[in-house]
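Step one of this worksheet: look at the structure below.
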Amino acid sequence: MYESFGIDKKIISLVSNVDETIKKELDKVDDICEFNSFKVLKAFQDNQISDVHFNSTTGYGYGDVGRDTIEKIYADIFKAEDALVRSQFISGSHALTVALFALLRPNDTLLSITGKPYDTLEEVIGIKDNSSSLKSFGVNYEQIDLVDNDFDIERICTRLKSSKVKLIEIQRSKGYSVRKSLTIDKVEKVIKAIRDVDKDVIIMIDNCYCEFVSKKEPTQVGADLVVGSLIKNLGGGIAPNGAYIVGRKELVNLAAERLTVPGEGKEVGPSLGMNKSLLQGLFLAPSVVASSLKTAIFTSCLLENLGYKVEPKYNDDRADIVQNIEFGNEQDLVKYCQGIQSGSPVDSFVVPLPWDMPGYTDKVIMAAGAFTQGSSIELSCDGPIRPPYIAYQQGSLTYEYGKLAIMKAASRLVK
Ligand SMILES: *Cc1c(COP(=O)(O)O)cnc(C)c1O
C-alpha cells in the first residue's frame, strides 16, 4: 500500500524505528490532549450548550446567544474575564491589529520583547512604511531582542524603569525566524519580572500556534490580553475564518469597540451561520492540536534520521505546533515542500514552485492542500529561498494523514 502511494522502501524501514523511538513523546501529547479536552468539555457543559446556540443572526447581530456563549466558553477555557471571538476578524493578523489600535494612543510606546514581530505586523506597526500604521498615528515602537532564545529580563526591566511603556507585546511562536518558540514557563517568568517593576503596563500575547500545546494558556500566568487565529489551533480545522481576543474585560471591550463601533462594541456582529462551526472546531481543537504535535514529532525524528538539522528535536519540550527542518540547499527544500503538497487531500496534483510574495524579500515556496484557504492547522509547509533553506511545517488534522504525507515527502529526498 505504501509503495503504491509513492513511499520509498528505505523510508518504510526507517519508519518502524521512528515509531518506536517517539512512542513516549506521543504518550505525553495524549496526556496534554486529555487535559485540554476536559477543559473544553467542562466549559461546554458549564455554559449549557444546546441546539439554540447553533442558530444564527444576520444584519446587526443583536442578541446572538450563540455568539455570546462562545465568548463565555473561550473566557472559561482561558480562565479570563471576557473574550471576543468573531468571524468579522479576517484572521490572527487582523485581531492583533485591532487589539493594538484599540489599546494604543498617540505618543504611547509599544515595546516588543521578543524581537521583530511577525511579518504581517511590520506595516501595522510602521517598521515598514504604511500611511495607516500605528506610527503614522504617533505611536512609538521599540523592541528588545531575545538572548539565547530567552527574554532579556535585565534590559526589559531597565527599560521599564526609565520611562512609561503602554503595552508590551510577546510573540510566543517563532514566525519565520530561527529562534525557538517560547514555552509558557518562560512567559510566566518574564511576566513576574515585569510586574515587579511595572504594575500596569499592558501585557499582550500573540498566542498563534501555541493554544492547547501545553496545559496552561498565557492568561493563567498573568497576561492581560491574548490573541490568536481561528485558522490555526482553536479553529480545529472547522472554523472557516476568524480570530479571538481574550483577557481583561476592560481591554476586550476596547478591542470590541475598535472592531465594531464605539458605543456598540460586543453587542453587534452577526454570526452569519458560523456558531456551530466555531463550537465544533473548538470541541475538536485539543485533539487536532495533538495530531499536529504528533506529526511534528514524527517529522523531527524521521528527518533527523535522514541527516537534516531539525528544531525542535523529537524529544524537546514544545511551545507551538511548528517544526523547522534545515535543508541546507534549495533543491531539497523544494522537493520536500512539493512532496507535502502531493500528499495532501486537496490540490495534490499541483506542483508548488518558489515565487515572489508580497511582503517577503526572498522567493518563498508554499505547500498547502487545505480545505480552508491559508489554514495552517491543516498540514502545510513553507520556506523562504535563502540559506540555510529552512522549511516551516505545521499542522495536520489527523496524525495518520500527516504521517503519510511526511513519508511521501521524505521519499523524494532519498530518491
Ligand atoms: C500566523 C501568525 C500570525 C498571523 O495569523 P493569521 O491568522 O495568519 O493572520 C501572527 N503571529 C504569529 C506568530 C503567527 O504564527
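The values are calculated or read from the model by the stated rules, or taken from the named source; none is laboratory data. If you're wondering where the values come from, they're calculated on a predicted model, not measured in any experiment. Cβ sites come from the backbone with ideal geometry, for glycine too, and all protein chains shown count toward neighbours.
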Whichever residue in segment 80-113 is away from the ligand (no atom under 16 Å from the Cβ) and farther than 17 Å from ASN253 by Cα and, among such residues, is surrounded by the fewest Cβ atoms within 10 Å (Cβ to Cβ): PRO106
Residue match in segment 184-200 (condition: under 28 Å from ASN241 (Cα atoms) and within 13 Å of the ligand (Cβ to nearest atom)): no
Any chance LYS128 is modelled with pLDDT under 95 and outside any helix (DSSP H, G or I): yes
Scope segment 300-342; condition more than 16 Å from the ligand (Cβ to nearest atom) and assigned to a loop (DSSP other than H, G, I, E, B); matching residues: LEU306, GLY307, TYR308, LYS313, TYR314, ASN315, ASP316, ASP317, PHE327, GLY328, ASN329
Per-region count, segment 219-235, residues away from the ligand (no atom under 15 Å from the Cβ), in a helix (DSSP H, G or I) and out of contact with any Asp or Glu (no Cβ under 6 Å at 6 or more places or on another chain): 2
Among (1) part of a helix (DSSP H, G or I); (2) in contact with a Gly (Cβ under 6 Å, 6 or more places away or on another chain), the one test that GLY61 misses: (1)
Within segment 388-397, tally of residues that are touching a helix residue (DSSP H, G or I) at 6+ places or on another chain (Cβ under 9 Å) and farther than 13 Å from ALA409 by Cβ: 5
Matching residues, segment 194-218, being surrounded by 16 or more Cβ atoms within 10 Å (Cβ to Cβ) and in a helix (DSSP H, G or I): ILE194, PRO218
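Looking for whichever is buried (at least 21 other Cβ atoms within 10 Å of the Cβ) and within 15 Å of the ligand (Cβ to nearest atom) here; the options are VAL124, VAL139. Which one fits?
That would be VAL124, the only listed residue that is buried (at least 21 other Cβ atoms within 10 Å of the Cβ) and within 15 Å of the ligand (Cβ to nearest atom).
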Residue in segment 379-415 that is surrounded by the most Cβ atoms within 10 Å (Cβ to Cβ), counting only those that are over 21 Å from GLU25 (Cα atoms) and within 16 Å of the chain's Cα centre (by Cα): CYS381
Selected residue (only one of THR97, THR114 is assigned to a helix (DSSP H, G or I) and under 23 Å from the mean Cα position of the chain (by Cα)): THR97
Answer from TYR176, TYR209 - the residue that is among the aromatic types (Phe, Trp, Tyr) and modelled with pLDDT under 95: TYR176
Pair list, Cβ < 8 Å and 6+ apart or interchain, from segment 87-103 residues that are hydroxyl-bearing (Ser, Thr, Tyr) to residues that are in a loop (DSSP other than H, G, I, E, B) and near the ligand (Cβ under 7 Å from one of its atoms): SER91/ILE231; SER91/GLY374; SER93/TYR118
